[in-house]
Amino acid sequence: MIRLENVSKSIGDLEILNNISFPVKKGEFLCLVGPSGCGKTTLLKSIAGLRNYAGSIFIEGTQSEGINRKIGYVFQEFSLFPFRTVKGNMDFGLEIQKIPRKERHNIVKSLIELFRLEGFENAYPHELSGGMQKKVAIARAIATNPEILLMDEPFVSLDAQTRNMLQKELLRIWQKTQKTIVFVTHNVDEAVFLADRVMVLTKRPASVKTEFPIKLDRERDRTSYKFVEVRKEILRELEVEYVD
Amino acid sequence: MNQMRTQKVFIILFFVALWEIVAYAVNSRFVPGPFQVGRTFVQLTVSGDLAEHAVVSLARVVAGFLLAVFIALPLGIFMGWSPRMENFSVIVEMLRPIPPLAWIPLAMLWFGIGFQSKVFIIFIGAFFPILSNSFLGVRETPPYLIEAGRVLGATDNEILRRIVIPNSFPSILEGLRIGLGIAWMCLVAAELTGLKSPVGLGYLIMEARDLGKADVVMAGMIAIGVIGYIMNAVLRWTENKLVRWKGDQT
């Protein structure tokens, strides 16, 4: 579905990405973890076509250049359009693609149902809780039905409870929509809870350090022995990156 | 709430009483009391004199203000949007600290003392707040909103029209409101400096001064204040209606 080949990037003398190659399978949930400031966001924005880079990125076999309609993106920031309602935000990408009004209306309606946002259709972002804003941001990103969803630490600014709730929501939506997800986080617990595969990146310049297939069943229990074991293993890898 | 209102009324009454006492004590025809000024104000209103002057003044303000909007608004948006145009702000920053009234001598040299010269002064007064507010509003659009548009497939043009401008709307409207307020103040000052046609609120108070009628001067000042207040209130109300999405607006 996605294939990165020797993706590198530097700005002036500052090397940010160092020769990154990896594939992502269709329908896979991949989590990228790495120390803060290691270049995770740059990597994700490169895949989305928001940054330029050296090397190649293939989306469904064809080399991707610039913005790709097959990709939806969820930002780290609260990035809803403040001047549009919940519905209006979800509608944005559909309007840009000049989809007929009636069809847009139906898509937005089904998104409202999928994300259980009934009653908030006409609310403005400032009237929503942080968690709800994130839900709308995910809905906006998948409104145009891209096959791939890139998520850049989307839950980072939320409290622990909201975060856990949204992780469950995200899994539910992933299972329902069968998207391919690349999810960046620095939270190992989150990665182990969500991912089919966790990839650990080195500190800047980022390169692939190790990867862990997560062979836990989908009903994951954060307190189970196996879960904690996997977490420990990944943390050990990651901690090496924080030393020196 | 109610108590605050009572207090406010009390403060106004106290002020009026103080004014009356001072006027009585000074006992000069140049210091009329509130009741005399009030009577004059009513007389001028009833006779239609005040309205006539006010309408002419308003027409001058509207002309200068609209001219400023048509030039400053697109220019400000363009300057905020295009990185190359941004450097033009150097010139704006140099011109901006010059008080609009300092342009009066030039306005008189260029346009004489007629309608055009008043419009020019008002234009200058309204121009800079409108320009800088639209410029800042556009330039300070959060980059992630622009990128959000970009990943959703929006072109540069669509990003400007559908994201940047709506997002700058509160700032733009505030610029319009401040611009109109300054335009109003500039107008009266511009009218004080001489006129071809003898109408306008500024003219009214100047003429009253020549005749030593302090009560007419004060009535004219009150009219200027009231109209300025109403314009500001109307624009603020419109602002709140139009940018309901902003929240925490007072």
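So B:TYR229 passes all but one of these: (1) at pLDDT 90 or above; (2) surrounded by 15 or more Cβ atoms within 10 Å (Cβ to Cβ). Which condition number does it fail?
The failed condition is (2).
Residue by residue, here is whether (1) surrounded by fewer than 21 Cβ atoms within 10 Å (Cβ to Cβ); (2) touching a helix residue (DSSP H, G or I) at 6+ places or on another chain (Cβ under 9 Å); (3) in contact (Cβ under 8 Å) with a residue 60 or more places away in the chain; (4) outside any helix (DSSP H, G or I) holds:
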{"position": "B:ALA154", "(1), (2), (3), (4)": "no, yes, no, yes"}
{"position": "B:ILE159", "(1), (2), (3), (4)": "no, yes, no, no"}
{"position": "B:ASN167", "(1), (2), (3), (4)": "no, yes, no, no"}
{"position": "B:LEU180", "(1), (2), (3), (4)": "no, yes, yes, no"}
{"position": "B:ALA189", "(1), (2), (3), (4)": "yes, yes, yes, no"}
{"position": "B:SER197", "(1), (2), (3), (4)": "yes, yes, yes, yes"}
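Could you check how many residues of the stretch A:113-137 are under 20 Å from the mean Cα position of the chain (by Cα), of a type in the set (A, V, I, L, M, F, W, C), surrounded by 19 or more Cβ atoms within 10 Å (Cβ to Cβ) and more than 14 Å from chain B (Cβ to nearest Cβ)?
Of the residues in the stretch A:113-137, 2 are under 20 Å from the mean Cα position of the chain (by Cα), of a type in the set (A, V, I, L, M, F, W, C), surrounded by 19 or more Cβ atoms within 10 Å (Cβ to Cβ) and more than 14 Å from chain B (Cβ to nearest Cβ).
Having 2 or more residues that are surrounded by fewer than 18 Cβ atoms within 10 Å (Cβ to Cβ) is the bar; report the helices (runs of 4 or more DSSP H) wholly within the stretch A:157-244 that clear it. Full working, then the answer.
On the way: elements: A:160-177, A:188-194, A:225-242.
In the stretch A:157-244, the matching helices (runs of 4 or more DSSP H) lie at A:160-177, A:225-242.
Considering only residues that are open to solvent by 20 Å² or more (accessible area, probe 1.4 Å) and assigned to a helix (DSSP H, G or I), look in the stretch A:92-106 and name the one that is nearest to the other protein chains (Cβ to nearest Cβ).
A:GLU95
Within the stretch B:207-247, how many residues turn out to be within 14 Å of chain A (Cβ to nearest Cβ), at negative phi, free of Cβ contacts under 8 Å to residues at least 24 places away in the same chain and part of a loop (DSSP other than H, G, I, E, B)?
Number satisfying all stated conditions: 0.
Condition (residue is touching a Phe, Trp or Tyr at 6+ places or on another chain (Cβ under 8 Å) and surrounded by 14 or more Cβ atoms within 10 Å (Cβ to Cβ)) applied to the stretch B:203-216: is it met by at least one residue? Lay out the reasoning, then the answer.
Keep residues of the stretch B:203-216 that are touching a Phe, Trp or Tyr at 6+ places or on another chain (Cβ under 8 Å), which gives B:212, B:214.
Subset that is surrounded by 14 or more Cβ atoms within 10 Å (Cβ to Cβ): B:214.
Yes: one or more hits.
Give all pairs with beta carbons closer than 6 Å in which a residue from the stretch B:106-120 that is free of Cβ contacts under 8 Å to residues at least 40 places away in the same chain meets a residue that is crowded, with 16+ Cβ neighbours inside 10 Å; count only pairs at least 6 apart in sequence or on separate chains.
B:PHE111/B:SER117; B:PHE111/B:PHE120
Among the residues of the stretch A:19-52, count how many are open to solvent by 60 Å² or more (accessible area, probe 1.4 Å) and over 23 Å from A:TRP174 (Cβ atoms).
So the count comes out to 4.
The values are calculated or read from the model by the stated rules, or taken from the named source; none is laboratory data. As the structure is a computational prediction, the values presented were derived from the model and not from experiment. All Cβ positions, even for glycine, are placed from backbone atoms using ideal geometry, and neighbour counts span all protein chains on display. Side chains included, ligands, DNA and RNA excluded: accessible areas come from the protein's heavy atoms. Shrake-Rupley method; radii C 1.70, N 1.55, O 1.52, S 1.80 Å.
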